[in-house]
Amino acid sequence: GLVKSIPTMLSVHAEQLNKTGFPTIHAVVLLEGTMNLTGEPQPLVEQLMMVKRMQRIPSPLFILEIWKACFVGLIESPEGTEELKWTAFTFLKIPQVLVKLKKYPQGEKDFTEDVNCAFEFLLKLTPLLDKADQRCNCDCTSLLFQECGKQGLLSEANMNNLIAKRTADREHAPRLKSPENANIQPNPGLILRAEPTVTNILKTMDSDHSKTPEGLLGVLGHMLSGKSLDLLLAAAAATGKLKVFARNLSTPFTNFTKAASVRALLFDISFLMLCHVAQTYGSEVILSEAGPPGEVPFFETWMQTCMPEEGKILNPDHPCFRPDSTKVESLVALLNNSSEMKLVQMKWQEACLSISAAILEILNAWENGVLTFESVQKITDNIKGKVCSMAVCAVAWLVAHVRMLGLDEREKSLQMIRQLATPLYAENTLQFYSERVVIMSSILEHMCADVLQQTAANIKFSATGVVTMPYWNFLPAKKPIKEVLMGVFSKVLEKGWVDSRSIHIFDTLLHMGGVYWFCNNLVKELLKETRKEHAMRAVELLYSIFCLDMQQLTLTLLGHILPNLLTDSSKWHMLMDPPGKALAK
C-alpha cells in the first residue's frame, strides 16, 4: 500500500525504469490504443518491429513493454467509452498483434517462450497489476493468460503456472476483494463475450430481412440497452469488424417491411447508431469504399454535408439544407397540424432532409410572432416524440444556423435546441424510446459542444450521467499554444513516457499549429537539453510523439527544419553534443 499511484511510482523509479523501460514502444502502444482502435493491426506490427530493431530490444522486454503500456492505458483511461476502448484494445487487439509478431524471426528462442518470459516479468510489477485489477474489478492478467493460451501464444503448462502465481499473489491484496464491487460486472469479461456476439449480429444483418424485419428490429433494439452498444462497438472496432457493421447499417432496411412502425424504428435505430459510431470512432469508418458512382448511402451523404463535427464549419444555406419546397410545406403542415405524427405517410429519408428548411420556416414564424411558444413546443414534441433522428437532423441545422447569428439573435434558436434535446415522456412513443433517447442525448451533446462553448450557453443533456466527451477541450483557454506545447513536453520528459492525456494535447496542438510549427518547436526544445541521458530520452519521446503523423512530420524535419539548422552558421552552436548527437540519431 506504500505506492498510491503509478505515475509517482514511475517517477520515483525513473532511474531504473530508464534502464528497463522503452518509452518509444510504450508511446506507440499508448498512441494506438488511444487514437486508433479501428486501425488494421499490420501497420502497428511493422512499426513495433522497426523500433525493436532500431533500439535492439530483446524479445521478452519488448513484449513486456507492450503489456506495460496496455496496463497503464487501462488504469488511466477516462470512465465510459474510452475505458471500453482500452479494454478491447488490451484483451482483443493486442493478442492479435502478438499472433502477427510471432511470424517474424525473433532470435533463437521460441516466441511462446518469450511471451511466457515477458509475463513472468510482468507478474513482478505487483503495484501496476493490482491497480489495474482494482480499476477493472477482476483478475486482468489471468484473463489475458487464457486469451493468449487460446491464440497459441502460451503453452498450457505455462499458462496454468502463470495463473497460479497471480492467484497466489492476489491473496495478499485484500482490497481487491472489496464487497462493494460485487455488483459491477467487469469490463474485460464483458468485452471478451461481446466479440462472438458481434459475429452473430453481423450474420443476422446479412440474412434475408424481407421475411423477418421484426427479428432484425429485435436484435438492433437489444443492442441499445445499457452499455451493450458501446461494448459491441468496441469489440467490433478492435477486431476489424466495425466498417462491415457500419456498412450493413447504411443499407436501407426500410424497404423490407409494410408495418409503418417497424419501418420507422429500423430507420431510427440505424441512423442513431451510425451517428454514434461516427462520433466515437471517426467519420472515416462510415465512408464506403470507392464504389460505383451514384450509390452513396443516404446516411453517408447526410453525414458529410450536414453533420456538425469538431472543427467543421457548416453552411446553413448549403443546398443539402434546401430541399424541394413542396415536400417542406407538407412536412411543416404535418408537424404543425397533427396532434401527433402519422407514421404511415412518412418517407423518413425525405423527412430528415426536409426538416432543416421546415425548422427555418417555423423559427421565422416564431420570431415574427405568427407562432406562439406553445405551438412551437407542440411542433418540437412531434419532431422528437417518435423518431429521434428527426431531432438530430433538426439540431444539426440549428447548430450551423446559430453560428451565423449575432449574439443577440440566438435566443430562440438555442431555446429550440433545448426543447429538442429534452426527451418526451409520453405514452405512445414507439418501442425502445428510452434507449434511443440516451443515444440521441449523447449525439446532440457532441454536436453542440463547439457552438455552446462559443455562445457560453448552457444546455442540459439529460441522459447518461457519464462524461461523454472526456478528451474534449483540454487546452487552457488563455495560454498561448507554444507555452502549452513546451509545458507538456517538459512534463513528459520528466516522467520519461507519454501518457494518453498528453497524446491528446499534442494531437490538438499539431492540428492547431500545423506540422512545421509543431516539429520546429519540439526540435528547439530538444536542442536546449544539455544532459546526455535527457537528450537521448527526448529523442525517443520525440519519435513517439511524431507517430501522430509520422509521414508529414518526417518530411518537414528532413525537408525544412534540418536544412535550416545546417545551412545557417549562426545556429551551429545549438548542434553541439549532447543534443546535436541525439538529434542525429
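The values are calculated or read from the model by the stated rules, or taken from the named source; none is laboratory data. Here the structure is a predicted model, which is why all the values come from computation and not from measurement. Cβ coordinates were reconstructed from backbone atoms using ideal geometry, including for glycine residues, and neighbour counts include every protein chain displayed. Surface areas here come from the heavy atoms of the whole protein model, side chains and all, with no ligands, DNA or RNA. Shrake-Rupley method; radii C 1.70, N 1.55, O 1.52, S 1.80 Å.
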Task: Residue selected from segment 129-166 under the condition open to solvent by less than 30 Å² (accessible area, probe 1.4 Å) and hydroxyl-bearing (Ser, Thr, Tyr), by the criterion farthest from the chain's Cα centre (by Cα) - done: Ser142
Open item on the list: Would you confirm whether or not segment 85-106 contains a residue that is at pLDDT below 90, open to solvent by 30 Å² or more (accessible area, probe 1.4 Å) and under 26 Å from the mean Cα position of the chain (by Cα)?
Closed with: no
Task: Leading residue by the ranking (modelled with the lowest pLDDT) among those in segment 266-301 that are surrounded by 22 or more Cβ atoms within 10 Å (Cβ to Cβ) and aromatic (Phe, Trp, Tyr) - done: Phe299
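Restricting to segment 360-383, name every residue that is of a type outside the set (A, V, I, L, M, F, W, C), open to solvent by 10 Å² or more (accessible area, probe 1.4 Å) and in a helix (DSSP H, G or I).
Keep residues of segment 360-383 that are of a type outside the set (A, V, I, L, M, F, W, C), which gives 361, 364, 367-369, 372, 374-375, 377-378, 380-382.
Filter once more, keeping what is open to solvent by 10 Å² or more (accessible area, probe 1.4 Å): 361, 364, 367-369, 372, 374-375, 377-378, 381-382.
Selection gives Glu361, Asn364, Glu367, Glu374, Ser375, Gln377, Lys378, Asp381, Asn382.
Just for segment 342-359: of the residues that are without any contact (Cβ under 8 Å) to a residue 40 or more places away in the chain and either in contact with a strand residue (DSSP E or B) (Cβ under 7 Å, 6 or more places away or on another chain) or assigned to a loop (DSSP other than H, G, I, E, B) (or both), which one is surrounded by the most Cβ atoms within 10 Å (Cβ to Cβ)? Let's see the steps before the verdict.
Here is the first cut: in segment 342-359, the residues without any contact (Cβ under 8 Å) to a residue 40 or more places away in the chain are 342, 345, 347, 350-351, 354, 357-358.
Of the ones still in play, those that are also either in contact with a strand residue (DSSP E or B) (Cβ under 7 Å, 6 or more places away or on another chain) or assigned to a loop (DSSP other than H, G, I, E, B) (or both) are 342, 345, 347.
Working: Lys342: 10, Gln345: 11, Lys347: 13.
My answer is Lys347.
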Task: Test result for Lys203, surrounded by 14 or more Cβ atoms within 10 Å (Cβ to Cβ), of a type outside the set (A, V, I, L, M, F, W, C) and modelled with pLDDT of 85 or more - done: no
- [ ] Test Phe474 against the criterion of being under 18 Å from the mean Cα position of the chain (by Cα), modelled with pLDDT under 85 and either among the basic types (Lys, Arg) or not in a helix (DSSP H, G or I) (or both), and give yes or no.
- [x] yes
Task: Options Val395, Val328, Val387, Val376: the member that is more than 24 Å from Leu265 (Cβ to Cβ) and modelled with pLDDT of 85 or more - done: Val376
Task: Test result for Thr508, out of contact with any Cys (no Cβ under 7 Å at 6 or more places or on another chain), open to solvent by 40 Å² or more (accessible area, probe 1.4 Å) and at pLDDT 80 or above - done: yes
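Quickly run through segment 384-425 and pick out the residues that are outside any helix (DSSP H, G or I) and of a type in the set (Phe, Trp, Tyr). If you could, list the steps in order and put the result at the bottom.
First pass over segment 384-425, keeping only residues outside any helix (DSSP H, G or I): 386-387, 404-406, 410, 422-425.
The answer is Tyr425, and nothing else.
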Open item on the list: I'm checking my understanding of the structure. Among residues of segment 133-172 that are among the hydrophobic types (A, V, I, L, M, F, W, C) and in contact with a Leu (Cβ under 8 Å, 6 or more places away or on another chain), which one is modelled with the lowest pLDDT?
Closed with: Cys136
TODO: Could you tell me whether segment 110-122 includes any residue that is assigned to a helix (DSSP H, G or I), out of contact with any strand residue (DSSP E or B) (no Cβ under 6 Å at 6 or more places or on another chain), of a type in the set (A, V, I, L, M) and open to solvent by 20 Å² or more (accessible area, probe 1.4 Å)?
DONE: no
Open item on the list: For segment 62-109, which positions are acidic (Asp, Glu) and in contact (Cβ under 8 Å) with a residue 60 or more places away in the chain?
Closed with: Glu76, Glu79, Glu82, Glu83
